[in-house]
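K.L.:
There's a structure below that I have some questions on.
The values are calculated or read from the model by the stated rules, or taken from the named source; none is laboratory data. Bear in mind that the values here come from a model prediction, so they are computed numbers and not experimental data. Here the Cβ positions follow ideal geometry from the backbone for every residue, glycine too, while neighbour counts run over all protein chains shown. Accessible surface is based on the protein model in full, side chains and every heavy atom, while ligands, DNA and RNA are left aside. Shrake-Rupley method; radii C 1.70, N 1.55, O 1.52, S 1.80 Å.
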Amino acid sequence: MTALRKRLMAGNWKMYKTAKDARVFVDELKNLLGNVESLGSVAPEAAICAPFTVLYALRDELPQLGVGLGAQNMHEAAEGAFTGEISASMLQDAGCQYVIIGHSERRAYFAETDEAVAKKTVVALESSLVPIVCVGESLQERENGQTDTVIEKQMRVVLDALASFAAEKGESEKVKDLVIAYEPIWAIGTGKSSSAQDAQQVIGLIRRFIADRLGQDVAQAVRVLYGGSVKPDNIAVYLAQEDIDGALVGGASLQPASYVELLRKSV
Ligand code: PGA
């Protein structure tokens, strides 16, 4: 089946860049590319997921270039005594359209569980933010042949929550906004990217899990990205795979030149 999904090239700036750095990035992006629309009718959707402190500096500038704005985490509660946390409505207030949820660094260093990831995903969709939900196996899990079971478990908790959301709140259309990012942990920031065939194998499986739980219609609409050492010189092999709809990019999204090259190679 030929997919009608629009490609998404999402940058994850992690804990890099001050507001001044972000403005420099935007100026260079403008010089190098102008607007993403200049890439034509098959231009990918572009987004930058920036640190909280930088969101306001980007909220007007990035959309003018056709690039969406995202955050890298949020709390599932609407508001409350959660020192240091940020809610979905605060992200919207700061101009966000996207939010990364359950990145492996948050799971590893901030004890984020599958259950928390599931709750945040539903709240993001309820708030009309596009959740970019990350799943992925460790090197040890891959070497032990546990990749499929690890991904199945991470996906199951999120899909169960989404199935309830779709059924109880009648939100089956909204669920199609979900984005999944398959990021093998051993490939993040290491320069060791997964082979395109291995990435396709896992991402094809992810799409089957979605189809089993939420139906074929939803599975064909949801975008699934690959992430882990994506660079301008390897993006094409991932995009050539049937089920890979774009990338979540860390290191290579920090420099305007490489981010622009990734966008150009995604048309
Ligand atoms: P990387 O990071 O592109 O630097 O490997 C990807 C990510 O963590 O989302």
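K.L.:
Can you send over the carbon and sulfur percentage of the accessible area for the chain, probe radius 1.4 Å, protein chains only?
P.N.:
Carbon plus sulfur share of accessible area: 51 percent.
K.L.:
Something else about it: Rank G204, Q97, A166 by how far each Cα sits towards the positive end of the charge dipole of region 8-264 (+1 on Lys, Arg Cβ; -1 on Asp, Glu Cβ) and give me just the farthest.
P.N.:
Final value for the positive-end residue is Q97.
K.L.:
Turning to a different aspect of this structure: Specify which residue in the list T53, V237, Q220 is farthest towards the positive end of the charge dipole of region 8-264, using unit charges on the beta carbon of Lys, Arg (+1) and Asp, Glu (-1), about the Cα centre.
P.N.:
Of the candidates, T53 comes out farthest on the positive side.
K.L.:
Using the Cα centre of region 8-264 as the reference point, and only Cβ charges (+1 on K/R, -1 on D/E), how large is the resulting charge dipole? Debye, rounded to the nearest 20.
P.N.:
Computed charge dipole of region 8-264: roughly 380 debye.
K.L.:
Say we join alpha carbon atoms closer than 10 Å with springs in a Gaussian network model of the chain; which of Q197, Q97, Q241 then has the biggest fluctuation?
P.N.:
Q197
K.L.:
Which value in deg cm²/dmol, rounded to the nearest 500, describes the helix-derived mean residue ellipticity at 222 nm for the chain, given -39,500 (n - 2.57) per DSSP H run of n ≥ 4 and division by the residue count? Each step should come with its number before you reach the end.
P.N.:
Working: 12 runs with 114 residues, N = 267.
Computed ellipticity for the chain at 222 nm equals -12500 deg cm²/dmol.
K.L.:
Starting from the coordinates of the alpha-carbon atoms of the chain, obtain the Kirkwood hydrodynamic radius over all distinct pairs and give the value in Å to one decimal.
P.N.:
Result for the chain, one decimal place: 18.4 Å.
K.L.:
Over the Cα atoms of region 214-267, compute the convex hull volume and normalise it per residue, giving Å³.
P.N.:
Cα convex hull per residue, to the nearest whole number: 81 Å³.
K.L.:
Give a residue-ordered list of calculated ³J(HN,Hα) values for region 59-66 (Karplus: 6.51 cos²θ - 1.76 cosθ + 1.60, θ = phi - 60°; whole Hz; x for Gly, Pro).
P.N.:
Here the 3J(HN,Hα) series is 4, 9, 5, 4, x, 4, 9, x Hz.
K.L.:
What are the residues whose amide H is under 5 Å from the amide H of V133, where those residues sit 5 or more places off or on another chain and H is modelled from the backbone?
P.N.:
Here the answer is I101, V179, I180, A181, since their amide H atoms fall under 5 Å of that of V133.
K.L.:
A further question on this structure: Non-local amide H neighbours of V222 (under 5 Å, H modeled in plane, Pro and chain starts lacking H): which ones?
P.N.:
Residues meeting the criterion, in which the H sits 1.01 Å from N, do not exist here.
K.L.:
Next up: Taking amide hydrogens as modeled 1.01 Å from N in the peptide plane, which residues meet the under 5 Å criterion relative to E45, leaving out close sequence neighbours?
P.N.:
R7, L8, M9
K.L.:
Find the accessible area per residue for region 1-149; the probe is 1.4 Å, ligands and nucleic acids are left out, and the unit is Å².
P.N.:
49
K.L.:
Here's a follow-up. What size of dipole, in debye to the nearest 20, comes out for region 1-144 about its Cα centre when the only charges are +1 on Lys and Arg C-beta atoms and -1 on Asp and Glu C-beta atoms?
P.N.:
Here region 1-144 has a charge dipole of around 340 debye.
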